[in-house]
Amino acid sequence: MSNNQKPRLLALAGSLRQDSYNRQLAAAAAQMAREAGAEVTEVNLRDFPLPLFDEDIEAAGVPEQARKLKDLFASADGLLIASPEYNGSVTAALKNLIDWVSRPDDRYGRAEVFQGRRAALFATSPGGLGGMRGLNHLRDILQPLGTWIAPTMLAVPGAMNLFNEEGRMIDEAMAAQLRNVVQETVDAIAVTTGAAKSVA
């Protein structure tokens, strides 16, 4: 990233559900990142259906959707990930995406599109913990791939009270905390002035 180029971020949620609270949270973070001066591409996992990772499938040919996702990750300096918690961990859809995108192929080395990226991790759930256990697992997956994780991981409880009918965050205190996490990530990218990503 050059000094005069805006930080480029991908925003995605680990849920496939159309009306997912975490998809709304990812959309809110994306808008906050734009207000902070970043360019943001929002990724809906439903638009990139992937088979369960299987080396036999990979050997027969990397799925086109996996190739498209790798290119998207390669073009980004950072990630905004809303990761719902399923049974105390990350969702199968998000883990499967990471497994496919981290694989080496004829264009990218192993985990190359994760290395040097800056990532903000956040979650919301109806429960009182807000999804923090899943965020801890996601951090443990991404850090060994070379991704810098923002020190603040935000888990928001009471998801049903977080948004209005239009999907806008109405909890101003939580919105302020999310904005801080997003800003922390945008600032981390700006500080690296080009070292934030290893793929041109």
Have a look at LEU50, LEU16 and point out the one that is open to solvent by less than 60 Å² (accessible area, probe 1.4 Å) and not in a helix (DSSP H, G or I).
LEU50
Selection within the range 87-108 - farther than 16 Å from ALA13 by Cβ and in contact with a helix residue (DSSP H, G or I) (Cβ under 8 Å, 6 or more places away or on another chain):
GLY88, TRP100, SER102, ARG103, ASP105, ARG107, TYR108
Unmet criterion (only one of (1) in contact (Cβ under 8 Å) with a residue 24 or more places away in the chain; (2) surrounded by fewer than 17 Cβ atoms within 10 Å (Cβ to Cβ)) for ARG23
(2)
The range 58-78, residues that are touching a helix residue (DSSP H, G or I) at 6+ places or on another chain (Cβ under 6 Å) and either of a type in the set (A, V, I, L, M) or without any contact (Cβ under 8 Å) to a residue 24 or more places away in the chain (or both)
ALA66, LEU69
Residue pairs, Cβ under 6 Å, 6 or more apart or interchain, first in the range 150-164 and more than 12 Å from LEU129 (Cα to Cα) and without any contact (Cβ under 8 Å) to a residue 60 or more places away in the chain, second of a type outside the set (Ser, Thr, Tyr) and open to solvent by 20 Å² or more (accessible area, probe 1.4 Å). List them.
ALA150/GLU184; ASN164/ILE170
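The values are calculated or read from the model by the stated rules, or taken from the named source; none is laboratory data. Just so it is clear, the model here is predicted, and its values are computed rather than measured. Positions of Cβ are backbone-derived with ideal geometry, glycine not excepted, and every protein chain shown enters the neighbour counts. Keep in mind that these areas ignore ligands, DNA and RNA; they rest on the heavy atoms of the full protein, side chains included. Shrake-Rupley method; radii C 1.70, N 1.55, O 1.52, S 1.80 Å.
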